[in-house]
Amino acid sequence: MTRPPTAAQRRVIDAADPVTGRVKGTEAQLDALVKRGLAFRHPRPPHDHFLTPAGHRIREAVAEVPEKPAVAAVADSGVFAARVGGEEEAPDTGPTRVREVHSAWQGLLELRRMTNPDGATDRPCGWERTHLVQAAALALEAAEHRPQGGDLPGYRVRATPQPEAVAVHAPDAEALRACAATLEGAGWQVGEYTEPRTRARYLLASPRRL
């Protein structure tokens, strides 16, 4: 049985980009992760290293957050996390945030290309299926939908009891339809439903497999 990674290697894995899985470290650390099947070296320049599915599983084993997985992804380490809506502060729409969101979305498309069996970028990959709220929120924020925050209305993405499904709420019917169109374009299956108690309309979205 493969022995567990060393403490130094574990720090490299834990510090991996949460979206792309890109890892940084010394050549010795990266080579060791490759040999253990926990990372791979991208064949194209600049030949960055990325976690394999096995590497992601090790990283996620200590990153479980049962209540709010996407919100809690905004760690003290400063890694990027999409806005899921409902944060206390108003959403940041400045140029720095716009660049961060664009970079994260491009990184996610590259992750799809590298990890989907056929290299497809038009449907979600394995990482998205294990980070449903974060992935859906990133698709929405990258398309310039505004998340709810402070006193400003906007979208909210929430986990549901259903496997591989998130609920998306919006302040009005037009915004809800716009969110649906964005998610469908990003490779999600979307249906519109009515909340039994409040009669509010919401979306139920799942990553498309084909």
Percent accessible area from carbon and sulfur atoms, the chain, protein chains only, probe 1.4 Å: 53 percent
Accessible area in square angstrom per residue, the chain, 1.4 angstrom probe: 57 Å²
Relative contact order, percent, region 94-175 [alpha-carbon distance under 8 Å, six or more residues apart]: 19 percent
Equivalent ellipsoid semi-axes - Cα gyration tensor, the chain, angstrom: 32, 17, 16
Length-normalised contact order for the chain - Cα pairs under 8 Å, 6+ apart - percent: 15 percent
Angle in degrees between helix 173-185 and the longest Cα principal axis of the chain, rounded to the nearest 10: 30 degrees
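Packing-wise, with mean Cβ within 10 Å as the measure, how do 182-190, 8-16 rank, highest first?
Ranking the peptides 182-190, 8-16 by packing returns 182-190, 8-16.
According to the Kirkwood expression over distinct Cα-Cα pairs, how big is the hydrodynamic radius of region 132-190, in Å?
Working: mean 1/r = 0.0871 Å⁻¹.
For region 132-190, inverting the mean 1/r across all distinct Cα pairs yields 11.5 Å.
The values are calculated or read from the model by the stated rules, or taken from the named source; none is laboratory data. Just so we're clear, the structure is a prediction, and the values are computed from it rather than from any experiment. Because the Cβ atoms are built from the backbone with ideal geometry, glycine has one as well, and the counts that use them run over all protein chains shown. Quick note on the areas: whole protein, heavy atoms, side chains included, nothing else; ligands and nucleic acids left out. Shrake-Rupley method; radii C 1.70, N 1.55, O 1.52, S 1.80 Å.
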